[in-house]
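Right, one structure below, let's go through it.
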Amino acid sequence: MSDHSKKTVIITGGSRGIGRSVCLSFAGAGTNIYFNYFSPVNPAAEEALAVETEKLISDAGGFAKGISVNVASENEVSSFFEQVINETGRIDVLINNAGITRDGLLIRMKERDWDDVMDVNLKGAFICTKIAAKTMIKQRFGRIINMASVVGVTGNPGQANYVSSKAGIIGLTKAVAKELAPRGITVNAVAPGYIETEMTASLPKKAQEAMMQQIPLGRAGKPEDVAAVVAFLASDQAAYITGQVIHVSGGMYI
Ligand code: NAP
């Protein structure tokens, strides 16, 4: 979309999956694309994925920089965003996409699994939003898009931590939308359904089949289905939309 040109966009969790597709949706428009990723378990493999995202964007004629930053660390996010401002002078769009799952039945769920999911999915979005908002308020312009999930509205067994984090994201979206609207900043959420990424590929076959049964459009979503809606919400055409949750789920929630 041409109206993204000269904008600075930050995408959390952009090395793969939906985040990579979102990065690509901004490529080629003269946009400064910054994304992060974070995997302490296998840093080399994650860095290779990030380099691949950067290359896909430069092949499409765009500019992107990927940096290993944990969204759950206020210090790390702070220096990352400071670097972006030093290099481009702005933060126009923030997409809070980074997310993890640690599934399990409630009675067996470890406190650690609850905390990890909340830290990345909800606290991470809070930290990034808080830091980016300071710059956006000075600019009197900004677009914040949060990645929720259909299960944040419908609930899902075996995902008490994840569902709570995504319901929290919806609350965060609505509260911050009201708070920042007078400063020219819109805040919306996108709620994907069952999208083909590594996150869903790791689900047991039975759970994948059960998900497919719940999709009226009869197919799993693709990362591009979600990225197109994110790009729209970031565009000038979406200037009058704020505080909304847009479901991209093939009708899983109607
Ligand atoms: P994914 O393929 O697992 O990718 C997750 C991304 O988040 C990766 O880039 C990962 O980086 C990054 N990340 C994880 N922990 C991080 C941290 N602490 N700090 C910074 N980055 C971190 O996931 P996805 O399926 O694309 O999902 C993207 C978002 O959509 C998530 O918020 C997810 O909850 C939501 N969503 C997905 C679906 C679905 O069906 N796939 C449905 C509804 C909602 P590394 O590569 O370094 O690990």
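Find the percent of Cα-Cα distances in the chain that exceed 30 Å, and round it to a whole number.
Details: 6722 of 32131 pairs.
Value for the chain (Cα pairs over 30 Å): 21 percent.
Each residue of segment 155-163 in order: what ³J(HN,Hα) in whole Hz does its phi give by Karplus 6.51 cos²θ - 1.76 cosθ + 1.60, θ = phi - 60°, with x for Gly and Pro?
Couplings: x, 7, x, x, 9, 4, 5, 5, 4 Hz.
Can you give the extra length, in nm with one decimal, that the chain gains between ARG219 and SER79 once fully stretched, where that is 0.36 nm per residue apart less the Cα-Cα distance? Present the calculation step by step, with values, prior to reporting the outcome.
Numbers: separation 140, 0.36 × 140 = 50.40 nm, distance 4.08 nm.
Between ARG219 and SER79, full extension yields 46.3 nm more.
Under a point spin-label approximation (7 Å from Cα along Cα-to-Cβ), what is the SER235-ASN86 distance to one decimal in nm?
With each label point 7 Å from Cα toward Cβ, the separation is 3.5 nm.
Counting only the backbone N, which residues of segment 186-223 are under 15 Å from the spot 7 Å out from the Cα of ILE254 toward its beta-carbon?
Zone members listed by number: 213-219.
ARG108 label point, 7 Å along Cα→Cβ, cut-off 13 Å on backbone N: hits in segment 122-158?
158
Among LEU94, LEU24, what is the fewest-to-most ranking by other Cβ atoms within 10 Å? Don't jump to the answer; show the numbers that get you there.
Working: LEU94 28, LEU24 22.
Listed from fewest to most nearby Cβ atoms, that is LEU24, LEU94.
Please list, or write none, the lysines whose alpha carbon is within less than 23 Å of the alpha carbon of LYS65, excluding same-chain residues fewer than 8 places away.
Partners within reach: LYS6, LYS7, LYS55, LYS130, LYS134.
Taking the Cα-to-Cβ direction at GLN208 and at ALA175 and moving 7 Å from each Cα, how far apart do the two end points lie in nm?
3.7 nm
Every read-out reported here was derived from the displayed coordinates using simple, explicitly stated rules and does not represent laboratory data. This is a predicted model, so every value here is computed, not measured. Quick reminder, even Gly has a Cβ in these numbers, built from the backbone with ideal geometry, and neighbours come from all protein chains shown.
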